[in-house]
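Asker: One structure is given below, represented as structure tokens, and several questions about it will come after.
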Amino acid sequence: MDSNSQNKKSWNLIIGITLVLFGSLRLYNKFQQEDPSMIRIILTIGFIGYGGFLIYNHFSNSDTDQ
């Protein structure tokens, strides 16, 4: 595996963790409000899901690359 591929995998992991953390915090804050907007909740859940996918993809590919 070359250096470019390893850097991309590292960035995908960092982006995935960031999306999950900030998305979860944003989702928590939305549920604390009186009248949360459903479209924003759905978008936030989508970002959390994509972040989870990036994290899962990083660790599942790490096992096969060795």
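The values are calculated or read from the model by the stated rules, or taken from the named source; none is laboratory data. All of these numbers come straight from a predicted model, not from anything done at the bench. Glycine also receives a Cβ, built like all others from the backbone with ideal geometry; neighbour counts cover every protein chain displayed. In case anyone asks, the SASA skips ligands and DNA or RNA and just uses the protein heavy atoms, side chains included. Shrake-Rupley method; radii C 1.70, N 1.55, O 1.52, S 1.80 Å.
Asker: With a Förster radius of 25 Å, plug the Cβ-Cβ distance of residue 60 and residue 17 into 1/(1 + (r/R0)^6) and report the FRET value to the nearest 0.05.
Answerer: Efficiency at R0 = 25 Å is approximately 0.95.
Asker: Under a no-solvent Debye model with one identical scatterer per Cα of the chain, what's log10 I(q)/I(0) at q = 0.24 Å⁻¹?
Answerer: -0.93
Asker: Using a 1.4 angstrom probe, figure out how much accessible area the chain has per residue, in square angstrom, rounded to the nearest whole.
Answerer: 79
Asker: Another question, if that's okay. Carbon and sulfur atoms: what percent of the 1.4 Å accessible area of the chain do they account for?
Answerer: 61
Asker: According to a simple spin-label model (label point 7 Å from Cα along Cα-to-Cβ), what is the distance in nm between residue 40 and residue 7?
Answerer: 3.7
Asker: Taking the Cβ of residue 29 as the centre, find all other residues whose Cβ is under 14 Å away and add up their charges (Lys, Arg: +1; Asp, Glu: -1).
Answerer: Neighbour charge sum, excluding residue 29 itself: +1.
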